[in-house]
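Asks: Questions regarding the structure given below will be posed in turn.
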Amino acid sequence: MNARAEAFTRCGSAITTNALTKTFHGHTVLQPTHLEIASGEILVLLGPSGCGKTTLLRLIAGLEQPDGPNMIRFDGEDVSALPIEKRNVGMVFQSYALFPNMTVAENVGYGLKVKGIRRKQRESETKRLLALVGLEDYADRRITTVSGGQRQRTALARALAIKPRVLLLDEPLAALDAVLRERLRVEIGLLLREFGITAVYVTHDQAEAMAIGDRIAVMQRGRIEQIGAPKAIYHRPANDFVADFVGTMNRLEGRVSDGILAVDAEHTQARLRVGGGDRSAVVCFRPEVARLTAGPGAIRARVIATTFFGATQRLVAEVAPGRQLQLDLASSLHFAPGQIVAFDADPQAIIEFEKDA
Amino acid sequence: MRSRSFDVLLILPAAIFTLAFLILPLARLTVEAGTGPSGFAGFFAILTEARYRNSLLVTLALSIVTTLATLALATIAAQTLAHRKFPGRGLLLSLMTFPLAFPGVVVGFMIILFGGRLGLVNSLSMAAFGTRAIFAYSLFGLFLGYVYFSVPRVLLTLLAAAEKLDPSLVEAARSLGAGPLAIQRDVVLPALFPAMYTGGALCFATAMGAFGTAFTLATSIDVVPMLIYTEFTLATNAGMAASISIALGAITWAALALARSRAMRDTKGG
Ligand SMILES: Nc1ncnc2c1ncn2[C@@H]1O[C@H](COP(=O)(O)OP(=O)(O)OP(=O)(O)O)[C@@H](O)[C@H]1O
Ligand SMILES: [Mg+2]
């Protein structure tokens, strides 16, 4: 265990939600949700805009009132009736919500100040947190004079300073540029683990979700579609929506006979060996499981474009006009637009969903 | 690159305006003030002569109390109206800003209808307790009139500022355990401060120079603008009227400058 982390008491509570529901003006924004978040776990809420991520986070925070009683517990204790002031949760907002009239250090120490902690203790605690997020040299700077990344870290330190039971982050990196975002998501992930704090982290960026979460909950229309470790979500998506939302997924629909899927679209004779009995099926595979082959169960497609990624290249190819697939192949191979490629997919890595009515 | 002569051209209208309506009349007023019986010492008459000094003190006190009361009312109202939707919000806002349309004289009449001999409060009081309750012509009536006159202007300034306040600032403070008082002190009031300064300055200057309301109500109180009026028309002492005018302007300006420098220091000290 890291020596720096020893300095902090473990303070993460387990969170349980029991049929947690939220309705705004007769419109149910969060369907009954059961969640078990372990102490010290980092759960990422991932989903498209408007799916209810922020609402779920604000319910846990105590900024919104759930539809019924007894729906949220911290370490088994019902906190539904506690207002946010009493819930002892740390919050990091997308806009950071730092107090513009205070310095970096005053922002970080604010929670300790309103809790009536003595100045001496407050200052040493603030110093320690600033060191932890690498802002010692900026302690006395006005918050309006530091960079976006520094503000982000100030906001994190401010939330951690009160030793919260849980840390709640709503798209904390969304306001930063891509390079900084990538660096900070690694840093934040490490920091949260070092703290051992229970964290709920909202994002709509799947790469961020993969990098930070112990588990990811993929949401759609106020419902959790799947919850699990990043690898499980990626390799074994529970349904079409999750498969599409996390990573790139190729999708073929058709009838299977003698273990071969025949894609039903005009102008295509695409076939793929998938195994199993006769049925209608939706078959998905990721770009990286495509293999060049010339066998009978191969898909033939016309190359439209290639993008060089270093070790691999991504081919966009179409099996029929408008029906595109993406393939990751070794970049040493050469493909020209218009050329026909024949390929199949590793049967182990093929994911099949029931065809919905 | 813009030419210098173009810049000069841009400030020309404002310069002409300032010269024609401020500096020239002021110079004339200053010369006029020197012609009074006590010469240029007349400038200090407002401080040295007991009657004028009392009038100045009353006006200052009235203006300060009016400003504080207006700011308190408007700050509370602005926070209630910003970020909140409730039935009747629009109606409430238009009722609160309705007095914008009234000149000071009309505000004076309204105070008389409210607190005069035949006013609402007196009728009720006579009916209920058999005691008289007349305050329209007192300092209190003047104070009510000034507040009524100023609240809409200050409210609109503060409402704009309150609506710009990021609600997540308040939520962040709450999550850190701050109660309502700490949130006002550390988050809301600092954010509203520039607007409170602007609104307060406007209110103070208006109260110092208010004439219409004073003319209808201040039958027994000599606020400075009334003093100037009586010196000018009744005593036909134009010199004294001019020197008091200049002194009033200077004192108002100095008070605002003082408040401003304090305000700057306070926000910097954070
Ligand atoms: N205070 C509110 N009153 C009414 N409807 C609301 C309120 N807050 C959220 N909603 C609605 O609830 C739904 C979910 O909103 P929420 O903010 O939780 O989505 P989100 O997943 O965080 O989206 P985004 O990625 O855009 O932030 C939306 O349809 C939104 O319009
Ligand atoms: Mg959101």
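The values are calculated or read from the model by the stated rules, or taken from the named source; none is laboratory data. What you are looking at is a predicted structure, and each value in this text was computed from that prediction instead of being measured. Cβ atoms come from the backbone with ideal geometry, glycine included; neighbour counts cover every protein chain shown. Calculation scope for accessible area: heavy atoms of the full protein, side chains included, ligands and nucleic acids excluded. Shrake-Rupley method; radii C 1.70, N 1.55, O 1.52, S 1.80 Å.
Asks: For the structure I just gave you, tell me whether B:THR233 is under 25 Å from B:PRO152 (Cα atoms), in the same structural domain as B:GLU163 (by TED's automatic domain parsing) and β-branched (Val, Ile, Thr).
Replies: No, not satisfied.
Asks: A further question follows. Filter region A:54-79 down to residues that are in contact with a Lys or Arg (Cβ under 8 Å, 6 or more places away or on another chain) and away from ligand 1 (no atom under 13 Å from the Cβ) and give me whichever is farthest from the other protein chains (Cβ to nearest Cβ).
Replies: If we take residues in region A:54-79 being in contact with a Lys or Arg (Cβ under 8 Å, 6 or more places away or on another chain) and away from ligand 1 (no atom under 13 Å from the Cβ), then A:ASP67 is farthest from the other protein chains (Cβ to nearest Cβ).
Asks: Related question: Do any helices (runs of 4 or more DSSP H) entirely within region B:26-106 hold 1 or more residues that are modelled with pLDDT of 85 or more, and if so, which?
Replies: B:50-81, B:89-97
Asks: While we're on this one: Residue check: is B:SER243 open to solvent by less than 30 Å² (accessible area, probe 1.4 Å) and at pLDDT below 90?
Replies: yes
Asks: Here's a follow-up. Out of region B:202-220, which residues are small (Gly, Ala, Ser), closer than 14 Å to B:PHE149 by Cα and open to solvent by less than 10 Å² (accessible area, probe 1.4 Å)?
Replies: Once the filter is applied, which keeps residues that are small (Gly, Ala, Ser), closer than 14 Å to B:PHE149 by Cα and open to solvent by less than 10 Å² (accessible area, probe 1.4 Å), region B:202-220 yields B:ALA207, B:ALA214.
Asks: So B:GLY199 clears everything in (1) touching a residue at least 12 places away in the same chain (Cβ under 8 Å); (2) within 22 Å of the chain's Cα centre (by Cα); (3) within 14 Å of chain A (Cβ to nearest Cβ) except one condition, right? Which one?
Replies: (3)
Asks: Quick check on region A:80-106: of everything there that is more than 9 Å from every other protein chain (Cβ to nearest Cβ) and open to solvent by 40 Å² or more (accessible area, probe 1.4 Å), which residue is farthest from A:ARG181 (Cα to Cα)?
Replies: The selected residue is A:ALA81.
Asks: A:ILE162: away from ligand 2 (no atom under 16 Å from the Cβ), under 24 Å from A:ARG73 (Cα atoms), assigned by TED's automatic domain parsing to the domain that holds A:HIS34 and crowded, with 23+ Cβ neighbours inside 10 Å, yes or no?
Replies: no
Asks: May I pose another question? List, please: which pairs have Cβ atoms under 7 Å, are six or more places apart or on different chains, and start with a residue in region B:160-177 that is facing chain A (nearest Cβ under 7 Å) and in a helix (DSSP H, G or I) and end with one that is open to solvent by 50 Å² or more (accessible area, probe 1.4 Å) and of a type in the set (Phe, Trp, Tyr)?
Replies: If the second residue must be open to solvent by 50 Å² or more (accessible area, probe 1.4 Å) and of a type in the set (Phe, Trp, Tyr), no pairs are left.
Asks: I need the full set of residues from region A:176-215 which are farther than 26 Å from A:GLU85 by Cβ and either within 16 Å of ligand 2 (Cβ to nearest atom) or β-branched (Val, Ile, Thr) (or both), in order please. Reasoning before the result, please.
Replies: Keep residues of region A:176-215 that are farther than 26 Å from A:GLU85 by Cβ, which gives A:176-187, A:189-190, A:193-194, A:203-215.
Across region A:176-215, the qualifying residues are A:VAL179, A:VAL186, A:THR203, A:HIS204, A:ASP205, A:GLN206, A:GLU208, A:ALA209, A:ILE212.
Asks: Another question, then. Under the condition of being closer than 14 Å to A:ILE227 by Cβ and out of contact with any Lys or Arg (no Cβ under 9 Å at 6 or more places or on another chain), which residue from region A:21-37 is nearest to ligand 1 (Cβ to nearest atom)?
Replies: Ranking the candidates gives A:LEU35 first.
Asks: Answer yes or no: is there a residue in region A:121-128 that is without any contact (Cβ under 8 Å) to a residue 12 or more places away in the chain and of a type in the set (Lys, Arg).
Replies: Looking for residues that are without any contact (Cβ under 8 Å) to a residue 12 or more places away in the chain and of a type in the set (Lys, Arg), one finds none in region A:121-128, hence no.
Asks: Quick one: in region A:177-207, which of the residues that are within 16 Å of ligand 1 (Cβ to nearest atom) and open to solvent by 10 Å² or more (accessible area, probe 1.4 Å) is nearest to the other protein chains (Cβ to nearest Cβ)?
Replies: Per the criteria, the residue is A:HIS204.
Asks: What are the residues in region A:107-140 that are in contact with a Ser or Thr (Cβ under 9 Å, 6 or more places away or on another chain), open to solvent by 50 Å² or more (accessible area, probe 1.4 Å) and within 12 Å of another protein chain (Cβ to nearest Cβ), if any?
Replies: Scanning region A:107-140 gives a single hit, A:ASP140.
Asks: Also: What about A:LEU43, is it within 14 Å of chain B (Cβ to nearest Cβ), in contact (Cβ under 8 Å) with a residue 12 or more places away in the chain and either within 16 Å of ligand 2 (Cβ to nearest atom) or open to solvent by less than 10 Å² (accessible area, probe 1.4 Å) (or both)?
Replies: Numbers: within 14 Å of chain B (Cβ to nearest Cβ): no; in contact (Cβ under 8 Å) with a residue 12 or more places away in the chain: yes; either within 16 Å of ligand 2 (Cβ to nearest atom) or open to solvent by less than 10 Å² (accessible area, probe 1.4 Å) (or both): yes.
The answer is no for A:LEU43.
Asks: Hey, another quick one. Identify all residues within region B:170-185 that are more than 28 Å from the chain's Cα centre (by Cα) and open to solvent by 20 Å² or more (accessible area, probe 1.4 Å); write none if there are none.
Replies: Of everything in region B:170-185, those that are more than 28 Å from the chain's Cα centre (by Cα) and open to solvent by 20 Å² or more (accessible area, probe 1.4 Å) turn out to be B:VAL170, B:GLU171, B:ARG174, B:GLY177, B:GLY179, B:PRO180.
A quick yes/no check of all residues on (1) out of contact with any Gly (no Cβ under 6 Å at 6 or more places or on another chain); (2) touching a residue at least 40 places away in the same chain (Cβ under 8 Å):
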residue	(1), (2)
A:MET219	no, yes
A:ILE224	yes, yes
A:HIS235	yes, yes
A:THR248	yes, yes
A:ILE260	no, no
A:ASP264	no, no
A:ARG279	yes, no
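Asks: Does A:ARG151 meet the test of being open to solvent by 40 Å² or more (accessible area, probe 1.4 Å), in contact (Cβ under 8 Å) with a residue 40 or more places away in the chain, in a helix (DSSP H, G or I) and more than 12 Å from every other protein chain (Cβ to nearest Cβ)?
Replies: yes
Asks: Is it the case that A:GLU253 is open to solvent by 20 Å² or more (accessible area, probe 1.4 Å), part of a strand (DSSP E or B) and within 16 Å of ligand 1 (Cβ to nearest atom)? Full working, then the answer.
Replies: Values: open to solvent by 20 Å² or more (accessible area, probe 1.4 Å): yes; part of a strand (DSSP E or B): yes; within 16 Å of ligand 1 (Cβ to nearest atom): no.
No; evaluated as a whole, the condition is false for this residue.
Asks: For the subset of region A:165-176 comprising residues that are within 11 Å of chain B (Cβ to nearest Cβ) and within 16 Å of ligand 1 (Cβ to nearest atom), which member is nearest to A:ASP78 (Cα to Cα)?
Replies: A:LEU168
Asks: If you check every pair at least six apart or on different chains, which have Cβ atoms under 9 Å apart with a residue in region B:111-133 that is part of a helix (DSSP H, G or I) first and a residue that is of a type in the set (Lys, Arg) second?
Replies: B:ASN122/B:ARG132; B:SER125/B:ARG132; B:MET126/B:ARG132
Conditions (1) under 17 Å from B:ALA214 (Cα atoms); (2) open to solvent by 30 Å² or more (accessible area, probe 1.4 Å), marked per residue:
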position	(1), (2)
B:PHE40	no, yes
B:ILE46	no, no
B:LEU81	no, no
B:GLY104	yes, no
B:PHE143	yes, yes
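Asks: Looking at this structure, is B:GLY199 in the same structural domain as B:THR66 (by TED's automatic domain parsing), surrounded by 22 or more Cβ atoms within 10 Å (Cβ to Cβ) and either under 22 Å from B:PRO103 (Cβ atoms) or β-branched (Val, Ile, Thr) (or both)?
Replies: Taking the combined requirement at face value, the residue satisfies it.
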